[in-house]
1. Does residue 59 satisfy the criteria of being at pLDDT 75 or above and of a type in the set (D, E, K, R)?
2. Of all the residues that make up segment 45-79, how many are in contact with a His (Cβ under 6 Å, 6 or more places away or on another chain) and not in a strand (DSSP E or B)?
3. Kindly indicate whether any position in segment 57-66 is loosely packed, with under 11 Cβ neighbours inside 10 Å and under 18 Å from residue 12 (Cβ atoms).
4. Within segment 27-54, take every residue that is among the β-branched types (Val, Ile, Thr) and in contact with a Phe, Trp or Tyr (Cβ under 9 Å, 6 or more places away or on another chain) and give me the one that is surrounded by the fewest Cβ atoms within 10 Å (Cβ to Cβ).
5. Residues in segment 1-44 that are modelled with pLDDT of 75 or more and assigned to a loop (DSSP other than H, G, I, E, B): how many?
6. Restricting segment 68-77 to residues that are surrounded by 12 or more Cβ atoms within 10 Å (Cβ to Cβ) and out of contact with any Leu (no Cβ under 8 Å at 6 or more places or on another chain), which is farthest from residue 15 (Cα to Cα)?
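The values are calculated or read from the model by the stated rules, or taken from the named source; none is laboratory data. In this text, all values refer to a predicted model and were calculated from it rather than measured experimentally. Here the Cβ positions follow ideal geometry from the backbone for every residue, glycine too, while neighbour counts run over all protein chains shown.
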Amino acid sequence: MPESWWAEGPSWGLCSVVTRDVAPGVVVAGNPAKEIGLRPTHPVDTLKILSPPKLFSPRVGGIETVSALLATEFAKAGHEVKVVTKTKEDDHRA
């Protein structure tokens, strides 16, 4: 697998509320967003991705579909993906 590089600029966690400027290379997360670290300056082979959608497959809907597609494609690309959700395994409501 080819190596991956971080894009330039800041990074923020999913669902973070960013209320001020963030310097390039800084990683922020939370509500309100706080600095949690710096991005690596070297190439990385794989990423560890935590996806926390409130709703997820087997439920049917827009966010459920997009979350499942993203998790699947990231895993196919060789990244480690974990999904944390409140959806129960047998919840098939639309």
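1. On the way: at pLDDT 75 or above: no; of a type in the set (D, E, K, R): yes.
Judged against the criteria, residue 59 is not a match.
2. The first filter runs over segment 45-79 and keeps only residues in contact with a His (Cβ under 6 Å, 6 or more places away or on another chain), leaving 46-47, 49, 58.
Of the ones still in play, those that are also not in a strand (DSSP E or B) are 46-47, 58.
Counting residues in segment 45-79 that are in contact with a His (Cβ under 6 Å, 6 or more places away or on another chain) and not in a strand (DSSP E or B) gives 3.
3. No, there is no match, as no residue in segment 57-66 is loosely packed, with under 11 Cβ neighbours inside 10 Å and under 18 Å from residue 12 (Cβ atoms).
4. Quick first cut of segment 27-54, residues among the β-branched types (Val, Ile, Thr) only: 27-28, 36, 41, 44, 46, 49.
Now drop any that are not in contact with a Phe, Trp or Tyr (Cβ under 9 Å, 6 or more places away or on another chain), which leaves 27-28, 41, 44, 49.
Details: 27: 17, 28: 20, 41: 8, 44: 13, 49: 15.
Ranking the candidates gives 41 first.
5. The qualifying residues number 17.
6. If we take residues in segment 68-77 being surrounded by 12 or more Cβ atoms within 10 Å (Cβ to Cβ) and out of contact with any Leu (no Cβ under 8 Å at 6 or more places or on another chain), then 77 is farthest from residue 15 (Cα to Cα).
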